[in-house]
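Beneath this line is the structure, given in structure tokens, with notes to follow.
The values are calculated or read from the model by the stated rules, or taken from the named source; none is laboratory data. Everything numeric in this text was worked out from a predicted model, so none of it was measured. Every residue, glycine as well, gets a Cβ built from its backbone with ideal geometry; the counts of neighbours run over all protein chains shown.
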Amino acid sequence: MRLGKAPRAEETGAFVQCQNCRKTLFRKEFEEALLVCPSCGHHHRLSGMGRIDATFDPDSFHEIDRELSSLDPLEFPEYREKLEGAMKKTGMNDPIVSGTAQLEGILVSVAVSDFSFMGGSMGSVAGEKITRTLERAASGGMPAIIFCATGGARMQEGLLSLMQMAKTTAAVQRCREAGVPFICIFTDPTMAGVLASYASVADVIIAEPKALVGFAGARVSKQAQVVKAPDDFQTAEFVLKSGMIDRIVPRREMRSTLARLVRMLGGGMT
């Protein structure tokens, strides 16, 4: 299973260290637990393909639009170098991995964000892939499932990045008009422009435990606070209490939960 890098990437061998509780873990057991610490329950970040392997039926994922890659429309300083570095580091052209897959035999349109590619930021290509994922669901009569892991819009593309917020949100409406469900999963982190667009208007919104969820970063939010924020501010638990999301689902239960949802909401069998 392509889970991505384990915590403390510099470590090798049979052991890794949890980023949260700092306990030493057996690497094999940690990977079998889908990068969830068996001691404290901390959900470490999965790669995009690792998320797909952990969620959908084996060998059922068919990737689409892999060849799309961002340009440098504003000739933003050092943007081209950062893009090329991210491509070399991850082997991807963009943080979004999209296509179709089966979930317990149900065909779904899926997109997954990989935070390791420029913080999962949404530029022109990411917005296009999300839009196509939703439109594919609408035209094919299948549920759309999107996993978020992002710091927000990509500033190096300016307004071309910000316009993806409206573009992706409009695509959600096309799913509604077609009568197909859209389920969005907030993983750590789900922030800024993505949260303020398509992610927050899904039919069902799920989050992983303790995922960071918010519009502005913690430092910016702190500057704007009139009163002290709760200890769990900008976490999945906080936004659940506030009514922003529908449920918090541990990673081990995500596959079965999504399968029940798509059946209940009208997912058809292949």
- Item | Residue that is nearest to the chain's Cα centre (by Cα), among those in region 79-109 that are part of a loop (DSSP other than H, G, I, E, B) and under 17 Å from L160 (Cβ atoms) | P95
- Message: Please go through region 247-261 and give me each residue that is surrounded by fewer than 19 Cβ atoms within 10 Å (Cβ to Cβ) and basic (K, R), ordered by number.
- Response: R247, R252, R255, R260
- Query: For F76, are the conditions met, namely being under 12 Å from the mean Cα position of the chain (by Cα), modelled with pLDDT of 90 or more and assigned to a loop (DSSP other than H, G, I, E, B)?
  - Reply: no
- Message: Quick check on K23: is it of a type in the set (K, R), over 28 Å from M92 (Cβ atoms) and at pLDDT 85 or above?
- Response: yes
- D232: acidic (D, E) and either in a strand (DSSP E or B) or modelled with pLDDT of 95 or more (or both), yes or no? no
- Message: Criterion first (in contact with a Phe, Trp or Tyr (Cβ under 8 Å, 6 or more places away or on another chain), surrounded by 13 or more Cβ atoms within 10 Å (Cβ to Cβ) and either at pLDDT 90 or above or among the small types (G, A, S) (or both)) does A199 satisfy it?
- Response: yes
- Query: Using beta carbons and a limit of 6 Å, which pairs, at least six apart or on different chains, have the first residue in region 88-106 and assigned by TED's automatic domain parsing to the domain that holds F182 and the second one part of a strand (DSSP E or B) and charged (D, E, K, R)?
  - Reply: G99/E63
- Residue in region 165-196 that is surrounded by the most Cβ atoms within 10 Å (Cβ to Cβ), counting only those that are part of a helix (DSSP H, G or I) and of a type outside the set (A, V, I, L, M, F, W, C): T168
- Message: Against the definition (crowded, with 23+ Cβ neighbours inside 10 Å, assigned by TED's automatic domain parsing to the domain that holds M118 and either modelled with pLDDT under 90 or over 25 Å from T131 (Cβ atoms) (or both)), how does V239 come out, yes or no?
- Response: yes
- Query: In region 94-125, which residues are polar (S, T, N, Q) and farther than 19 Å from G158 by Cα?
  - Reply: S98, T100, Q102, S109, S113, S116
- Task: Looking only at region 39-48, decide whether some residue is modelled with pLDDT under 95 and part of a helix (DSSP H, G or I).
- Result: yes
- Note on the structure: Exactly one of F115, F147 is out of contact with any helix residue (DSSP H, G or I) (no Cβ under 8 Å at 6 or more places or on another chain), among the aromatic types (F, W, Y), within 22 Å of M254 (Cβ to Cβ) and not in a helix (DSSP H, G or I), and that residue is F115
- Item | Selection from region 120-164 of residues that are surrounded by fewer than 20 Cβ atoms within 10 Å (Cβ to Cβ), modelled with pLDDT of 95 or more and hydrophobic (A, V, I, L, M, F, W, C) | none
